[in-house]
Amino acid sequence: MKIGFVAEPYEESGASGMGYMVWELLKHLPAAGKQHEFTIYSSRPIQSGLVNVPIRNVIVPRGLVGKLFWFLWTKEDIDVLLFITPLLPLILPSRIKAVPICPELVSQKITPGSLGDKLVAFVRDHLLMPICFRRATSIITISQATMQDIMKYYRVPSGSITIIYVGFQDLTPYRETAPPVDEHMKPYFFFTGRVKPRKNVHGIVSAFIQFKKRTNADCKLVIAGKTGDGYYRSMTEELTRNGLRNDVFFVGYVPTESLCSYYMHAVAFVFPSLNEGFGMPVVEAMHLGTPVITSSLSSLPEAAGDAGLLVDPYNVEDISRAMEKIFSDRRLRAEMIEKGHAQAKKFSWEKTAHEYLLFLEKKVL
């Protein structure tokens with residue numbers, strides 16, 4: 001089989017979200033499918049050594065319009081093309097079977113804030129995505145929750161969608177070299193991710209304030225992720241009003257080694273996001289032996305299984321009570337750690353790549 005993969009967005013360092021997913025698929029798909037021919041399309045050359053088996057790397061235009069016409073006119077000899085929605089190509093020669101990968105739908109459920117974001121969402125969700133799905137031979141998504149969203153918002157029949165769970169970032173190689181966490185931060189609850197409304201970071205801060213007022217516990221909160229806008233200021237102002245500004249540490253972006261440390265030494269990882277395609281950080285935390293508090297909505301129950309404490313992300317008290325429960329119950333923490341290890345074993349990028357190839361061999365060709 002001749003498989004094409006559009007490696008966009010392609011990020012070589014600090015990749016997150018879709019960029020990280022592209023990075024891992026690049027590493028694992030060709031390695032798992034050595035009997036197939038892989039052509040990787042990217043707007044810049046793929047890093048040397050990333051893919052350890054022979055591939056063909058074709059450079060395509062950077063802009064969306066350029067990609068559209070490049071793929072429309074392409075004479076490339078491939079059987080199937082994988083690409084992340086809603087990226088182009090939306091139009092392909094009919095001889096090439098299109099398989100879009102849809103990690104998540106967001107703005108259909110959570111209204112974008114700014115006018116610019118609303119315009120981008122309109123073009124993506126109402127113009128590009130419908131074309132993308134109509135052209136698809138089949139669609140891959142990464143959770144049952146996202147599959148239901150695709151069916152609901154785009155009226156795609158379930159038979160046209162296949163769920164293939166993703167892997168996660170294995171941080172265990174950094175255990176021995178990870179730098180220590182400052183002792184004055186301990187003990188602490190931990191969050192990592194984009195510090196923005198969809199991640200419900202302000203909900204975590206408000207829940208922490210309630211937890212502190214109710215218990216007066218000697219516990220801190222560490223938030224890793226880029227900050228600096230009005231959303232961040234609203235959180236710091238609330239903390240200051242409640243006399244807890246020194247109990248919450250916004251540490252910004254942290255490198256992988258430090259991330260490993262923050263996970264390992266946390267009382268619990270708190271991730272009550274409002275919407276996720278899958279929720280890889282939940283599995284990262286469990287794999288490292290950290291108890292998890294996460295959302296009962298979207299795909300997060302699929303990632304956490306029975307190993308996490310599920311909360312209503314819109315209910316601050318619910319999050320706060322879960323913090324108190326984990327902080328005060330050592331036996332519960334031990335039980336969650338054991339279950340978390342078992343849950344994390346269900347996911348890996350090797351398994352993801354194997355299931356992609358089975359899907360292509362059985363359902364597409």
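Projecting the Cα atoms of Met185, Ile78, Ile131 onto the charge dipole of the range 50-208, computed from C-beta unit charges around the Cα centre, puts Ile131 farthest toward the positive end.
Extending 7 Å from the Cα toward the beta-carbon at both Tyr153 and His36 defines two label points whose distance is 2.7 nm. Rounded to the nearest 20, the Cβ-based charge dipole of the range 277-365 about its Cα centre (Lys and Arg +1, Asp and Glu -1) stands at 240 debye.
Measuring between their Cα centroids, the range 158-231 and the range 37-111 lie 32 Å from each other. Dipole check for the range 172-344: with +1 at the C-beta of Lys and Arg, -1 at the C-beta of Asp and Glu, and the Cα centre as origin, the magnitude is about 360 Debye. As a rough footprinting exposure proxy, the listed residues Asp149, Asp117, Asp312 were ranked by other beta carbons within 10 Å of their own, and the order from fewest upward is Asp117, Asp312, Asp149. Candidate cross-link partners of Lys97 among the aspartates and glutamates, defined by an alpha-carbon separation under 12 Å and a same-chain spacing of 8 or more, comprise Asp77, Asp79. What FRET efficiency comes out for the pair Leu358/Lys186, r = Cβ-Cβ distance, R0 = 45 Å, nearest 0.05? My answer for the efficiency is 0.50. Stretching Thr236 away from Arg56 to a fully extended chain increases their span by 59.8 nm, per 0.36 nm per residue minus the current alpha-carbon distance. Pairs from the list Lys67/Lys196; Lys34/Lys75; Lys27/Lys75; Lys2/Lys67; Lys2/Lys196; Lys2/Lys226 with a Cα-Cα gap above 32 Å: Lys2/Lys196; Lys2/Lys226. Estimated at 0.36 nm per residue, the fully extended path between Thr177 and Leu115 surpasses their Cα-Cα distance by 17.8 nm. For Ile337 and Met1, the difference between the fully extended length at 0.36 nm per residue and the C-alpha to C-alpha distance is 116.7 nm. Summary of the geometry: the range 253-271 and the range 292-365, compared by the centres of their Cα atoms, lie 16 Å apart. Placing +1 on the Cβ of every Lys and Arg and -1 on the Cβ of every Asp and Glu, with no other charges, gives the chain a dipole of roughly 720 debye about its Cα centre.
Working note: 222 nm ellipticity from helices only, DSSP H runs with n ≥ 4, each -39,500 (n - 2.57), summed and divided by the residues of the chain, gives -11500 deg cm²/dmol to the nearest 500.
Comparing mean-square fluctuations of Gly243, Gly33, Gly19 from a GNM of the chain with C-alpha springs under 10 Å, the top value falls on Gly243.
Using Rg and Dmax of the Cα atoms in Å as the read-out, say which of [x] 21.4, 67; [y] 22.3, 76; [z] 23.4, 96 was calculated from these coordinates. Calculated Rg and Dmax of the Cα atoms in Å: the matching label is [x]. Straight-line reach only, C-alpha to C-alpha below 12 angstrom: list the aspartates and glutamates that Lys199 could link to, leaving out same-chain residues fewer than 8 apart. Within the straight-line limit of under 12 Å, Lys199 reaches these aspartates and glutamates: Glu276.
Each of Thr146, Pro100, Gly167 was scored by the projection of its Cα onto the charge dipole of the range 56-195, and the greatest displacement toward the positive side belongs to Pro100; charges sit on the C-beta of Lys, Arg, Asp and Glu.
Values quoted throughout were computed directly from the atomic coordinates according to the rules given, and no laboratory measurement underlies them. Model, not experiment: these values are computed from the prediction. Please note: Cβ atoms are built from the backbone with ideal geometry, for glycine as well, and neighbour counts cover all protein chains shown.
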